[in-house]
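Asker: Structure incoming, see below.
The values are calculated or read from the model by the stated rules, or taken from the named source; none is laboratory data. Keep in mind the model is a prediction, meaning the values are calculated, not measured. Neighbour counts run over all protein chains shown; Cβ positions are idealised from the backbone, glycine included.
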Amino acid sequence: MAKRELNSFRLVLDFSLRMLLLLSLLSLGTEWANAGPTKVGNGDDGGDLESGQRISTGILIETQREAAQLLRGLQVQGIEGLGTLIPETEKADLYLAEQDPSPQAKTNSETQAELKEIAQAIGASEPYVYARTFAEPHAPTRFFPKALLLDRKNLIALHVHEALHRALPAEIREDEKSVSRITLAITAAGATRDRVQETVSKELASAREARQEAERMQRQATANMPIVPYNANFAAASSLPPGPELKSPSLFAYSLKSYVLPDPDKSLAPLRSMHSLRSFLYPFGRGSEALGLGIEFSYLQAQDEAYLGPVGLSGRMKLLTWRGFDVDGFGALRLHSVGSGELKDSPMGRDILEVGVSLKRDEKWYMVENKLSVHGGSKAEQKIGAVQYTHDYGSIVEAGIAAALRLPMVEDGGLELGGSTQVLLAQNTRVKGGAFDYETGRLRVVTAGPEIAWNQGALRFSANARFVIDSTKGASLDQLGDLMGHGVGQGSIGAGLSFKF
Amino acid sequence: MIRHHAILSFCLLTCGLLSGCGPLRFGDPGESPPAQEIVLAVDGVKLIERDILRGDDLRSFQQRRYSLHANARLLLRYEMLMEENLGLRQDLPVRLRLFAESAEDLQIARSKLRACPITRNWMMAATWNAAHPWRGGEWTPGAEIDWEECVSVEAADQPTTQLCSETQALCFNISRWYRLWVRERKENFGLALVSEERVNLLGDASPGKAPRIHWHENAARVW
């Protein structure tokens with residue numbers, strides 16, 4: 001049952017992501033279609049389309065009708081991508097230029113290759129510019145004097161070819177190779193509707209794949225930008241590594257946090273500091289779709305003793321890049337009850353599952369990241385004397401912002417000045433044991449702090465601080481019960497050293 | 001004749017069965033049923049002292065001995081006293097029993113030690129300044145206490161149970177506290193032992209002499 005629910009969830013998630021990707025592609029496609037200079041069928045600047053005489057009789061008109069008849073015979077109107085080919089063929093205004101186009105075009109090797117493609121497609125013996133059109137619906141076709149030397153069969157193919165530039169979907173109408181192959185499929189001896197349909201489908205699929213690959217390359221290029229590592233202070237708050245900088249995404253890090261404790265009689269955990277050793281590796285997947293998995297060990301220094309603290313397991317994966325922002329999904333499981341006594345027998349001894357989404361933009365001079373996550377509720381057992389207490393924590397919603405200014409003072413690194421702030425909203429926590437029964441109500445804790453870091457190649461050294469700047473009266477980080485995620489007391493001062501590979 | 005024999009046999013059999021199961025009581029309707037004593041160790045024993053700042057300080061619970069003075073008080077609570085299935089008899093006293101560490105402590109306790117109702121809920125992580133470490137846990141330093149309802153140690157010459165006649169035993173009659181707080185207000189916040197003069201009491205880690213609560217229930221009849 002759980003597996004089925006998981007599969008359903010994955011299907012819904014997969015569908016949502018695909019829809020998001022599709023919408024972004026559509027948006028990009030629209031932008032591309034409307035942006036930049038208008039291309040012309042044969043790939044030049046279209047200057048020679050600005051003159052000529054409209055024609056209404058003659059072999060060009062006759063072959064125009066014959067081309068339309070050929071297309072009707074093949075019933076191309078029912079083929080995906082060719083729905084407007086017949087009207088584009090038979091209703092196009094035809095013009096005859098007074099002279100052939102400038103010979104400068106022949107010096108362009110790309111144009112020469114295209115002319116050969118066209119010549120082969122229409123069955124002409126010489127690669128000349130016979131006709132031109134704008135690659136947009138309802139544009140006229142302009143013929144050049146050389147076209148009058150072609151036979152009827154070649155002219156029919158030429159009409160079809162030019163009409164294809166206007167009728168095909170935008171993603172392939174300007175691809176001379178694709179248009180030529182479809183022209184051949186339509187005008188070849190023994191052409192059938194099935195063959196035409198097969199050719200068009202193949203060309204469309206190929207074009208879409210190419211578009212997706214271009215998208216993927218663009219995303220990867222964004223991810224591989226030579227950026228300085230992310231803001232470690234923000235990660236310290238979330239205990240998660242940065243977005244996948246897939247050039248060298250894996251991370252090995254040590255950090256130390258010294259807690260600023262509240263009054264002792266309001267403290268749930270008498271901890272002075274936490275040492276943390278973290279290894280975050282990207283062993284699965286490839287490119288920008290790699291999945292990172294991390295393990296973190298902590299060592300706690302209490303007032304008069306030290307012991308092994310929580311163990312963290314975490315994962316992170318980039319979901320998509322949207323308008324320059326990396327959207328990452330992440331999850332973390334912090335296991336506090338791995339051993340008996342010590343931390344387990346305290347209000348902090350609970351296991352926590354966190355899931356969230358991060359939106360991040362990395363540029364050469366700055367970095368900004370927004371994070372939204374939810375920490376699940378769980379219970380901690382504590383025995384004081386002969387009385388057993390149960391601390392039933394509610395869930396926590398966390399919204400955070402981190403930003404940093406980068407000063408690339410050396411070739412492979414530089415100084416980074418930044419800070420972060422988090423708003424934490426914790427649902428009610430109930431403490432019950434013996435005759436004692438207490439509920440905290442909803443708690444609000446707002447933290448903020450600066451960070452300064454020096455990056456040198458794969459190494460990064462940082463110093464940071466984080467303090468409670470606002471909270472529900474009397475609340476501290478202790479009462480969130482998330483030692484590895486948010487720490488304790490009124491905040492912390494910390495330092496870290498990391499190595500990326 | 002046969003019928004008379006049958007009736008006689010039935011009566012003898014009935015009496016025999018009843019007497020075989022136990023004493024045959026017809027009882028006085030005004031007479032209270034017999035009571036049995038219930039004595040249970042107090043599970044919530046917590047020392048609050050001005051110098052002990054942390055609620056989980058190991059010196060503040062499960063100790064063999066507690067030293068009380070002007071800046072150190074002992075919070076006591078039998079945590080399950082609110083349970084409605086306790087068949088506690090209202091007409092008989094409820095007592096708290098402790099042991100002084102020495103004869104000298106016994107003398108001081110008889111004159112200085114008082115058991116006072118606590119007026120606010122607390123947990124075992126309580127300190128001199130806070131009833132609990134959570135938000136809003138601060139309380140009047142030394143615990144919030146109803147000073148007017150404090151009771152002293154029962155006089156040695158008062159008729160008490162065997163429980164209170166042991167050597168160096170100290171008994172408090174807390175029946176009024178039970179009636180006013182637990183029964184009527186449904187609040188079991190326990191009692192604070194207060195002494196302005198230093199006195200040493202045996203704690204919850206002392207086998208056999210830990211603080212105990214004592215009450216009576218109706219005796220279970222054996223038929």
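Asker: Hey, could you check the stretch A:436-448 for residues that are more than 8 Å from chain B (Cβ to nearest Cβ) and not in a loop (DSSP other than H, G, I, E, B) and say which is nearest to B:Ile118 (Cα to Cα)?
Answerer: This residue is A:Glu439.
Asker: If A:Ala475 passes every condition in (1) assigned to a strand (DSSP E or B); (2) within 14 Å of chain B (Cβ to nearest Cβ) but one, which one does it miss?
Answerer: A:Ala475 satisfies all of (1) assigned to a strand (DSSP E or B); (2) within 14 Å of chain B (Cβ to nearest Cβ) except (1).
Asker: Check whether at least one residue in the stretch A:64-73 is at pLDDT 85 or above, assigned by TED's automatic domain parsing to the domain that holds A:Glu98, assigned to a helix (DSSP H, G or I) and more than 22 Å from A:Leu150 (Cα to Cα), and report yes or no.
Answerer: yes
Asker: Right, something else. Which residues, counting only those in the stretch B:47-75, are among the hydroxyl-bearing types (Ser, Thr, Tyr) and under 17 Å from B:Lys112 (Cβ atoms)?
Answerer: Passing the criteria: B:Tyr66, B:Ser67.
Asker: For residues that are surrounded by fewer than 23 Cβ atoms within 10 Å (Cβ to Cβ) and either within 14 Å of chain B (Cβ to nearest Cβ) or in a strand (DSSP E or B) (or both), tally how many sit in the stretch A:450-472.
Answerer: Count: 15.
Asker: Check off (1) modelled with pLDDT under 85; (2) buried (at least 16 other Cβ atoms within 10 Å of the Cβ); (3) on the phi < 0 side of the Ramachandran plot; (4) of a type outside the set (Phe, Trp, Tyr) for A:Leu149 and give me the number that stays unchecked.
Answerer: (2)
Asker: When the stretch B:165-223 is examined, which residues are found to be free of Cβ contacts under 8 Å to residues at least 24 places away in the same chain and within 17 Å of B:Ile108 (Cβ to Cβ)?
Answerer: Of everything in the stretch B:165-223, just one residue is free of Cβ contacts under 8 Å to residues at least 24 places away in the same chain and within 17 Å of B:Ile108 (Cβ to Cβ), namely B:Thr167.
Asker: Restricting the first residue to the stretch A:459-479 and requiring it to be over 16 Å from A:Gly491 (Cβ atoms), which pairs with a second residue that is hydroxyl-bearing (Ser, Thr, Tyr) meet a Cβ separation below 6 Å and a spacing of at least six or different chains?
Answerer: Filtered contacts from the stretch A:459-479: A:Arg460/A:Ser498.
Conditions (1) outside the structural domain of A:Leu70 (by TED's automatic domain parsing); (2) under 17 Å from A:Ala67 (Cβ atoms); (3) of a type outside the set (Lys, Arg); (4) touching a helix residue (DSSP H, G or I) at 6+ places or on another chain (Cβ under 7 Å), marked per residue:
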{"residue": "A:Ile118", "(1), (2), (3), (4)": "no, yes, yes, yes"}
{"residue": "A:Ile122", "(1), (2), (3), (4)": "no, yes, yes, yes"}
{"residue": "A:Arg142", "(1), (2), (3), (4)": "no, yes, no, yes"}
{"residue": "A:Lys146", "(1), (2), (3), (4)": "no, no, no, no"}
{"residue": "A:Leu149", "(1), (2), (3), (4)": "no, no, yes, no"}
{"residue": "A:His159", "(1), (2), (3), (4)": "no, yes, yes, yes"}
{"residue": "A:Arg173", "(1), (2), (3), (4)": "no, no, no, yes"}
